[in-house]
Structures are given as structure tokens and as C-alpha cells.
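First the structure, in the form of C-alpha cells, and then the observations on it.
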Amino acid sequence: MNTGFSCYLHVMEAQLENLSKDQLIALLKEQRTKVDELEKKDIRQTTVISHMEHMINKLRRLHFGAKSERFIAENVVIANQLNLPFEELATKAQHVDSEKTVKETITYTRKKNENHKGRNQLPEDLPTHEVVIEPAMPVEGMVKIGEERTEMLELAPARFFKLVLVRPKYALPNNEGVIIGEMPSRPIEKCLAGNTLLSSILVNKYVDHLPLYRQQQIFKRSNIHIAPSTIDGWVARLAALLEPLYDAMADVVKLDGYLQVDETPTRVLDNTKKGKCHLGYYWVYHSPPKRMVVFDYQKGRGKDGPEKMLSNFRGYLQTDGYAVYQTYAQNEEIIHLACWAHARRYFEQAKDQDHERSAYALQLIQKLYVVEREAKELTAEQRKALRLEKALPIINDLGKWIAAEHKHVLPKSPIGKAFTYAVHFWDSLMTYLYNGVLHIDNNLIENTIRPNALGRKNYLFAGSHQGAKRSAMFYTFTGTCKLHGVEPMAWLTEVLTRIADHKVSKLYELFPQNLKLPEIRPYNNTPGL
């Protein structure tokens, strides 16, 4: 033993012998307190290290790995996939040198892949242009016995043309006056662009995410020179014309008493903030019964953001865990639904930190979605009955397990956060069982928002807060068209033809799901088109 340390022990023993009983108890308590503090510090440091390791793994996955949240339980056998007996193969490999090689011919029947649909079929209603290719040698005197037909999809390049509206004037007999054909109403008086061109500009910008500047460059390639300010002015005036239609859709979307709500950021140029963009938000409201979506731009993400839409809303409100929505969910006339996809995401993100618990939770949640796939084609009443029969027992098992395991994990760990989210929103997570019309998650609205991410990459930012409001309006139109399978350009062209003369009290007739589109537009038969 080290001599210096031995002397130190002797001194300590001498000091302890001189202490009274009360002093020894006080000293022990002091040392116990220090040990407790060290243990707490160690736990905190272990938690921080675990959290940092989880964040590093998460960042690595985001940067290098797959973005999919797909989960396959270890004990689940995927259909049409063979199980490989690795243990048996390993055992055989150890004795491969000592065994005599035996050759035999193995035959098997391979099942045809039923998922392969063959060659893509072209739509039957496509215009057809036939080109007849005769043999190189003369065919006079020969008898045609058949023909070979090869179909292919071709494209006629888009071409500008000049549309001239000619209105002959006629003099009435006896000098009673002059008559002339009535000029059709136009969305923008004396505008150089026709309705189809205007709707094309809007669709290119808000569906195909092609900024107006790039569209101007495309026009130049066809020797059409239009100033950027002119095109921007067209979009602004069309937005003013269509604003009552947007307001009507915002009113109607709330009538069925079931809304899914989410928000997504967007950068906006702001003259008051030099050198950086303002971060605004699109608040998105989706009505599953009506299959309508409404975008509403607000400058912030605070509790005032959804006030315009939700202040007088009554019914089911489905959201993620964002705290702002809880303010409105506390209303006695609102029933809050949580999102199982968000709950699942927390467990999916905790797989690297606690694989066993995460995998068990994901497996049970996966069973809930199996029930949803089974209930997809059922009526609302049948869907509710099936959920109560099959989904409720799974949810009860998951709830009991979470209640038991929650106390054994660190609250700030990834798995602890997953448990905390599930416990906090448990009643709201079960709400979808009450009504067969309700959805298990908010994925429909997230799918509606997803195309905006492409727009953000192309636009980089909105030119102004007013421009962001215009974008919200057109996203509302095109998003609802998508939900109903309506071709947005055809719908916009028809709306621009009608809306100037349409009654404000009957704007619902122009909604994408209500407007019947003409099969042939007036100038589709123009020669050369």
C-alpha cells in the first residue's frame, strides 16, 4: 500500500475516533447527500449521452438512410417471401469439407408475378392520328390481307395562336338600329390573354411549381414577350376575382363538423426585415366528408393563427400534438381526435434507443392499421362495429402495457417521450372509435400539404404577405381538384369563363366537385390545333 495513502487513512481514523455519535451521524448524512447528488448527476449525464447518441443516429439516418417509417415485425412473415434458414446453412457450412458433394437436378414451379400489369394502356379517349406506311415496292394489283398496328404516345408541342372574336354588325330594316353579337364576359377586361392561357399560368405556378419568371422565359422561346409585371398583375387580378369563391369554400368546409388541421411553414419577403425572410405559415383545414381542403396564410404560428377558422367551429377536430390546438379542443362543443400516425412516429424514432419496447408498440399499432385496411370499403356503421370488435382490444392491451412500462423509462429519453405523448393524448387517440366516419390519423391532410414542399424548393420564398395569401387561395382550389380527381386547368378555365356573371349566392355550383366541365371547348376545333 502506498505510504502516503496509509498515513492518510490513519489520520482519518484518528479524526473519526474523536467524533461524537451525533457528529458521526451528521457526517454520514452529509456523505449520503453527496453520493445521492453524484448518482443524480450520473443519471443526468447518462440521459444526455443517450439523447445525444439518439440524435446522432437520427441525423445519420436523415442524411444517409431511408426516409421511410416502414416497420416490419421480426416475427411477421411477408407474403410470397421465403424464409432463409441461416442457422441450418451455417451448420452445413462447417462440415462442407468433410461431406461428399452430391449433385442432383432440382425442378420447381415459379408463381407468375400477378402484380405486373403488363404494358401501359393508353386512354381510349385520346385523339388519334394515323400514319400509313406502305411497302417500298409498288403494290398495284396486290390484295390487302391485313395490317399491323403499332400504338405509341406522342406529344404535339404547345403553340400559341391568335384567337380573334369576330362580331358582324347588322342594320335593322327601316333604320331601326344595329344589332351585334354579345361579347362573352371576360375575367379581366381588355386583357391580352385568353381564359385558357390564364388558367395555364395559374396551374403551372401552383400545381407544377413553375415560377412566373420561368414561364416568361418559356414564352420568349415562342417569340412572345410579356413583361413580368404584366403576368404578375394578371395573377393578382384573378385572385381578386376568385376571392369570393375561396371565401365560400372556407365557409362550407366547416359545415360537416369534422376537420383535420395542420400547418406548414413558408418563407416570405418582408420589407421590414432586411437581409432575411419572414417565416409565415399555411394553416390547412381538410374536411374528409366533403373532400375539401382550405389553405389559410397567417404570419405566425401562435394561437391566433387558426382563430378565424376555428372560433365558431363545432364538431370533431383532428390534430397532432401542437399545443395551440389544445386551446380550441377545450371547447365543450369540440371533440378532439389525436393522430395515431404521430404517436407511431415517436415509437419509430425511438427504435435505435430502445428497440425492444419500440418494436412491441409498433407491432400493436400496425395491427390497428390492418383493421383499417379491412374496414376501408365498409359503411360508417360497419366500420365502427369492426373497430370495436378488433381494434378496441388491441388499444386496451397497448394502453395497459404503456401504463406499466412508462414508469421504468427516463422521461426525456426517446422512448420516454413516446410514452408521454401516448399517455397525454390517450383519450383523444381512442376517439376515432366513436364514429365510423372518423379517420385513424391525419395522413390525408399531410398528403395535401406535401406538394407545397416542392413549391418551396422552386420558389424559395413568396414575394410578399399578399402574395402568400394568393398562394393559399390557389392551393385551396387545386388541392380540392386533386381530392376529387378533377383536372385543374379544365376547371379553372371553365370557372374563369363563368365567374364574372355568376350569382354570389350560388358560388357553390363552381366548386370542383359540383362544376360539370364541357367535353369540348369552343375553339378546340381551330385548324392546326
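Values quoted throughout were computed directly from the atomic coordinates according to the rules given, and no laboratory measurement underlies them. Every value quoted in this text rests on a predicted model; they were computed, and no experiment measured them. Because the Cβ atoms are built from the backbone with ideal geometry, glycine has one as well, and the counts that use them run over all protein chains shown.
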- Task: May I ask for the distance between the Cα centers of the stretch 18-46 and the stretch 341-407, given as a whole number of Å?
- Result: 46
- S222 and Y508 label points (each 7 Å along its Cα→Cβ direction) are spaced in nm at 3.9
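Given a cut-off of 20 Å, name the pairs among K308/K482; K274/K303; K274/K299; K290/K482; K276/K299 whose C-alpha atoms lie farther apart than that in the structure shown.
Numbers: K308/K482 25 Å; K274/K303 27 Å; K274/K299 17 Å; K290/K482 13 Å; K276/K299 15 Å.
In this structure, K308/K482; K274/K303 exceed 20 Å between Cα atoms.
Please go through the stretch 325-363 and write out the GluC sites (Glu not before Pro) that DSSP classes as loop and that have at most 10 other C-beta atoms within 10 Å. Can you show the working numbers first?
Details: sites: E332, E333, E348, E356; in loops: E332, E333.
Within the stretch 325-363, the qualifying GluC sites (Glu not before Pro) (loop, at most 10 other Cβ atoms within 10 Å) are E332, E333.
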- Search the structure for amide H atoms under 5 Å from the amide H of V409, placed 1.01 Å from N in the peptide plane, and list their residues when 5 or more places away or on another chain. none
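Can you list which of the chymotrypsin sites (Phe, Trp or Tyr not before Pro) found in the stretch 120-199 are DSSP loop residues with at most 15 other C-beta atoms within 10 Å? Display every interim value, and only then the final one.
Details: sites: F160, F161, Y170; in loops: F160, F161.
Passing both the DSSP loop test and the Cβ count: F160, F161.
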- Message: Run the reach check for K34 against aspartates and glutamates, Cα to Cα strictly under 20 Å, same-chain hits fewer than 8 apart removed. What comes back?
- Response: D22, D42
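Sorted by packing (mean other beta-carbon atoms within 10 Å per residue), highest first, where do 495-504, 462-471 land? Please list the in-between numbers first.
Numbers: 495-504: 15.1, 462-471: 19.1.
Top of the packing list down: 462-471, 495-504.
Of the listed pairs K376/K503; K205/K516; K254/K412; K40/K351; K376/K412, which have alpha-carbon separations greater than 28 Å here?
Checking Cα-Cα distances, K376/K503; K254/K412; K376/K412 exceed 28 Å.
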- Determine by what factor the alpha-carbon radius of gyration of the stretch 340-441 differs from 2.2 N^0.38 Å, reporting the quotient. 1.09
